[in-house]
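Worksheet: one structure, shown below.
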Amino acid sequence: MLASRFLRLSIIYALAGVALGIFMAASHDLSQMPTHAHINLLGFVSTAIYGFFYRAYPGAEQGWLARAHFWIANLGFIVLMGFVAAFHAGYTAAEMGAAAMSFVVLLGLVLFAVIVFKATARSA
């Protein structure tokens, strides 16, 4: 279940990243390049990796830790992108929010690391 959710969201993030890239190219305004890169790498690539991992280790998506990972990773990412976009649009106060949300995203990654190590220890 989580594998499919992560994979579906990764495609939505990829579409958002590509759409932002097209918008920047059409407007000749590349000021959102960092946002575009974060959406594609952190949103599309990382989320797809999460989904493929959970597909390869279906037992790993059971329990509260995996559900916490899903919500923390995705909500953290979405809010972080809002702050990153605002900062690169000239709202310098958004930098504090981006910094704080970076730690939320890091927490999601730490949860994923714990899940990966637990799941792969069983199969090693």
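All of the numbers you see were taken from the coordinates with simple rules; none came from a lab. Keep in mind that this is a model prediction, so the values were computed, not measured. Every residue, glycine among them, receives a Cβ derived from its backbone with ideal geometry; neighbour counts consider all protein chains shown.
Kindly state, to the nearest 0.05, the FRET efficiency for Ala121 paired with Ala89, given R0 = 30 Å and r defined as their beta-carbon distance. Present the calculation step by step, with values, prior to reporting the outcome.
Working: r = 44 Å, r/R0 = 1.48.
It comes out at approximately 0.10.
So, with +1 on the Cβ of K and R and -1 on the Cβ of D and E, and no other charges, what is the size of the charge dipole of the chain about its Cα centre, to the nearest 20 debye?
520 debye
What helices does the chain have that are whole DSSP H segments, at least 18 Å long along their own axis by Cα, and with mean Kyte-Doolittle hydropathy of -1.0 or more? It would help to have the intermediate numbers written out before the result.
Values: long enough: 2-27 (37 Å, 1.60); 64-88 (35 Å, 1.36); 94-123 (43 Å, 1.68).
Counting only whole DSSP H runs, the qualifying helices are 2-27, 64-88, 94-123.
If you take the charge dipole of segment 2-123 about its Cα centre, with +1 on Lys and Arg Cβ and -1 on Asp and Glu Cβ, which of Gly108, Ala66, Ser10 is farthest toward its positive end?
Ala66
For segment 22-78, list log₁₀ I(q)/I(0) at each q in 0.17 Å⁻¹, using the Debye formula over Cα point scatterers of equal strength and ignoring solvent, two decimals each.
-0.64
Quickly estimate the mean residue ellipticity at 222 nm for the chain, helices only: each DSSP H run with n ≥ 4 gives -39500 (n - 2.57), and the total goes over all residues, rounded to 500.
Details: 5 runs with 98 residues, N = 124.
The helix contribution divided over the chain gives -27000 deg cm²/dmol.
Which of the peptides 77-83, 110-116 is most tightly packed, and how do the rest follow, going by the mean number of other Cβ atoms within 10 Å of each residue?
Averaged packing, sorted descending, gives the order 77-83, 110-116.
I need the semi-axes of the equivalent ellipsoid of the chain: take the C-alpha gyration tensor, multiply each eigenvalue by 5, square-root it, list largest first in whole angstrom.
Values: eigenvalues 176, 53, 18 Å².
After scaling each eigenvalue by five and taking roots: 30, 16, 9 Å.
For segment 66-124, what relative contact order do you get, as a whole percent, if you take Cα pairs closer than 8 Å and at least 6 residues apart? Display every interim value, and only then the final one.
Details: 44 pairs, mean separation 26.4, N = 59.
Relative contact order of segment 66-124: 45 percent.
Only Cα pairs under 8 Å and at least 6 apart count here; give the relative contact order of the chain as a rounded whole percent. Don't skip to the answer; put the middle values down first.
Details: 132 pairs, mean separation 35.0, N = 124.
Relative contact order for the chain comes out at 28 percent.
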